[in-house]
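Trainee: Starting off with a structure, shown below.
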Amino acid sequence: MIIKPKIRGFICTNAHPTGCAASVKQQIAYVQSQGELPNKPKNVLIIGSSTGYGLASRITAAFAGGANTLGVCFEKPPSETKTGTAGWYNTAAFHQEAKAAGLYANTLNGDAFGKEMKQQVIDTLKADMGKVDLVIYSLASPRRTDPETGEVYKSTLKPVGQTYSTKTYDTDKDKVHEITLEPANDDEIQQTIKVMGGEDWELWLDALDKADLLADGCKTTAYTYVGKELTWPIYGQATIGRAKEDLDRAAAAIVQTKATKKVQAYVSSLKALVTQASSAIPVMPLYISLIYKVMKEEGTHQGCIEQIYDLFNEKLVQEQPKVDALGRLYMNDKETNDVTQAKIKALWDQVSQDNFHQLSDYAGYHHDFLKLFGFDIDGVDYDADVEPMVNW
Ligand code: NAD
């Protein structure tokens, strides 16, 4: 099959197996070039392991820490006529590289919110790995089925409290335009908290604890984005921000209820980057194209793997990691400091349809977007016939 990108709106509906494998290899090479982590986690569970920040976490744990990894993801396998999802191919490539390096790796594909997946993870850990000393919670999902009631909750990306009008960039139509987003009602806020808040993170830790699979001093983290004034109305102070605030509640509850195991639970605040999840958020493609421009000029630009390696190396694996005033592992200072934000704001105020491509680094954004699906990667022959039926 010859595979070219099929872009529909903010998503690419296919993926390139060779390109995804090349991207995984690049990420592995990066962490290896940075050196081994100072304290190495032995057994790591990554919930949301196949793309974005979760995949970067898995690669860092395994290839800079030598860890055994168990991943959980929700990806579509390939068929004779359709490619698998990028996360499927990333996982297959990760397995191949882990095997070659003599590292244990296993991945379970299915709904992480359900009881069945939690049981499968427990059975796999008991059979193959034993207790975990690090649990990464990196799910990004538009919906969640409540495991007790079967009710389906949907997350919404809307402001809270008031209507918000702003600029946005439509990646499909190559157009900068004004949008007006109506505020969420209370039900939409509560549903978003159900999906992207901390409840399921707590359920995972409860299930692992009950099965006696948490090592003493086990660490766990869930990822958040805090941002600043430009993104607060659509992120930090919006429905998704409300859900993310619930992670702080969950972290405190995990520490309190797992005190006998001395579990350390942190919310890690990361930078805004192109991932499948963030490209779906209104305003984010415009904002990210501008921060790419500013941060590349400042020499502070990072992708998922660079950001996660630093998180692990500087904070997560340290015995007493330095936390911010809210108890979080804060990694986003290079984006949110006042000087950088002022430069982004100046560009934001000027940007229009006419100057968008000059003022922003949309080329860099678009390259990273294609790369998420294994496209636009140097050294990959996109005219070659490739086998889509890749497995792990
Ligand atoms: P992503 O879309 O790249 O990854 C999501 C992962 O979740 C994938 O592995 C996917 O397979 C898995 N997943 C989704 N639904 C699932 C389900 N029901 N069961 C099992 N697995 C499921 O997203 P990302 O951007 O890497 O986001 C990960 C976390 O990082 C999120 O909490 C997000 O809010 C946070 N974050 C993202 C950014 C950003 O700019 N992208 C910034 C800061 C924090």
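Trainee: Name the single residue, out of those in region 91-118 being free of Cβ contacts under 8 Å to residues at least 40 places away in the same chain and either in contact with a Ser or Thr (Cβ under 9 Å, 6 or more places away or on another chain) or hydroxyl-bearing (Ser, Thr, Tyr) (or both), that is farthest from the ligand (Cβ to nearest atom).
Mentor: Filtering region 91-118 for residues that are free of Cβ contacts under 8 Å to residues at least 40 places away in the same chain and either in contact with a Ser or Thr (Cβ under 9 Å, 6 or more places away or on another chain) or hydroxyl-bearing (Ser, Thr, Tyr) (or both), the one farthest from the ligand (Cβ to nearest atom) comes out as TYR104.
Trainee: Restricting attention to strands (runs of 3 or more DSSP E) lying wholly within region 151-232, give those where 1 or more residues are within 30 Å of ASN39 (Cα to Cα) and over 19 Å from the mean Cα position of the chain (by Cα). Quick ask: steps written out before the conclusion?
Mentor: On the way: elements: 152-154, 164-170, 175-181, 214-224.
Ranges flagged: 214-224.
Trainee: Only one of (1) part of a helix (DSSP H, G or I); (2) polar (S, T, N, Q); (3) within 24 Å of PRO142 (Cα to Cα); (4) more than 14 Å from the ligand (Cβ to nearest atom) is not met by GLN256, so which one is it?
Mentor: GLN256 satisfies all of (1) part of a helix (DSSP H, G or I); (2) polar (S, T, N, Q); (3) within 24 Å of PRO142 (Cα to Cα); (4) more than 14 Å from the ligand (Cβ to nearest atom) except (3).
Trainee: Quick one: in region 136-150, which of the residues that are touching a helix residue (DSSP H, G or I) at 6+ places or on another chain (Cβ under 7 Å) and in a strand (DSSP E or B) is nearest to THR220 (Cα to Cα)?
Mentor: In this case the residue turns out to be ILE136.
Trainee: Being touching a strand residue (DSSP E or B) at 6+ places or on another chain (Cβ under 9 Å), more than 14 Å from PRO5 (Cα to Cα), of a type outside the set (D, E, K, R) and buried (at least 18 other Cβ atoms within 10 Å of the Cβ): is that true of VAL323 here?
Mentor: On the way: touching a strand residue (DSSP E or B) at 6+ places or on another chain (Cβ under 9 Å): yes; more than 14 Å from PRO5 (Cα to Cα): yes; of a type outside the set (D, E, K, R): yes; buried (at least 18 other Cβ atoms within 10 Å of the Cβ): no.
The answer is no for VAL323.
Trainee: A further question on this structure: Suppose we keep only residues that are hydrophobic (A, V, I, L, M, F, W, C) and touching a Pro at 6+ places or on another chain (Cβ under 9 Å) within region 233-269. Which one would you say is surrounded by the most Cβ atoms within 10 Å (Cβ to Cβ)? Walk me through it before giving the result.
Mentor: Keep residues of region 233-269 that are hydrophobic (A, V, I, L, M, F, W, C), which gives 234, 238, 240, 243, 247, 250-255, 259, 263, 265, 267.
Filter once more, so that each one left must be touching a Pro at 6+ places or on another chain (Cβ under 9 Å): 234, 238.
On the way: ILE234: 25, ALA238: 28.
Filtering first and then ranking leaves ALA238.
Trainee: What are the pairs, 6+ residues apart or on separate chains, where a residue within region 252-272 that is more than 30 Å from ILE288 (Cα to Cα) has its Cβ under 7 Å from a residue that is within 16 Å of the ligand (Cβ to nearest atom) and not in a helix (DSSP H, G or I)?
Mentor: If the second residue must be within 16 Å of the ligand (Cβ to nearest atom) and not in a helix (DSSP H, G or I), the pairs left are ILE254/THR220; ILE254/ALA265; VAL255/ALA265; VAL263/THR220.
Trainee: Which residue is surrounded by the most Cβ atoms within 10 Å (Cβ to Cβ), if the candidates are limited to region 3-13 and must be within 16 Å of the ligand (Cβ to nearest atom) and assigned to a loop (DSSP other than H, G, I, E, B)?
Mentor: So the residue we want is PHE10.
Trainee: Still on this structure: Which residues, counting only those in region 41-59, are more than 9 Å from the ligand (Cβ to nearest atom), aliphatic (A, V, I, L, M) and either touching a strand residue (DSSP E or B) at 6+ places or on another chain (Cβ under 6 Å) or within 22 Å of LYS126 (Cβ to Cβ) (or both)?
Mentor: VAL44, LEU45
Trainee: So LEU247 ticks every box in (1) part of a helix (DSSP H, G or I); (2) over 25 Å from VAL323 (Cβ atoms); (3) out of contact with any Leu (no Cβ under 9 Å at 6 or more places or on another chain) but one. Which box is left unticked?
Mentor: (2)
Trainee: Can you tell me which residue in region 285-315 is farthest from SER23 (Cα to Cα), limited to those that are within 14 Å of the ligand (Cβ to nearest atom) and in contact with a Lys or Arg (Cβ under 7 Å, 6 or more places away or on another chain)?
Mentor: Among those that are within 14 Å of the ligand (Cβ to nearest atom) and in contact with a Lys or Arg (Cβ under 7 Å, 6 or more places away or on another chain), it is LEU286.
Trainee: Picking from LEU37, LEU45, which residue would you name as being modelled with pLDDT of 95 or more and either buried (at least 24 other Cβ atoms within 10 Å of the Cβ) or part of a helix (DSSP H, G or I) (or both)? Let's see the steps before the verdict.
Mentor: Values: LEU37 fails: either buried (at least 24 other Cβ atoms within 10 Å of the Cβ) or part of a helix (DSSP H, G or I) (or both).
Of the residues listed, the single one that is modelled with pLDDT of 95 or more and either buried (at least 24 other Cβ atoms within 10 Å of the Cβ) or part of a helix (DSSP H, G or I) (or both) is LEU45.
Trainee: Evaluate the following for ALA280: is it in contact (Cβ under 8 Å) with a residue 60 or more places away in the chain, within 16 Å of the ligand (Cβ to nearest atom) and under 24 Å from GLU229 (Cβ atoms)? Write out each step before concluding.
Mentor: Values: in contact (Cβ under 8 Å) with a residue 60 or more places away in the chain: yes; within 16 Å of the ligand (Cβ to nearest atom): yes; under 24 Å from GLU229 (Cβ atoms): yes.
Considered against the rule, which asks whether it is in contact (Cβ under 8 Å) with a residue 60 or more places away in the chain, within 16 Å of the ligand (Cβ to nearest atom) and under 24 Å from GLU229 (Cβ atoms), ALA280 comes out as yes.
Trainee: Scan ALA29, ALA21, ALA62 and give me the residue that is more than 15 Å from the ligand (Cβ to nearest atom), more than 26 Å from ASP128 (Cα to Cα), of a type in the set (A, V, I, L, M) and outside any loop (DSSP other than H, G, I, E, B).
Mentor: Within the list ALA29, ALA21, ALA62, the selection yields ALA29.
The values are calculated or read from the model by the stated rules, or taken from the named source; none is laboratory data. All of these numbers come straight from a predicted model, not from anything done at the bench. Glycine also receives a Cβ, built like all others from the backbone with ideal geometry; neighbour counts cover every protein chain displayed.
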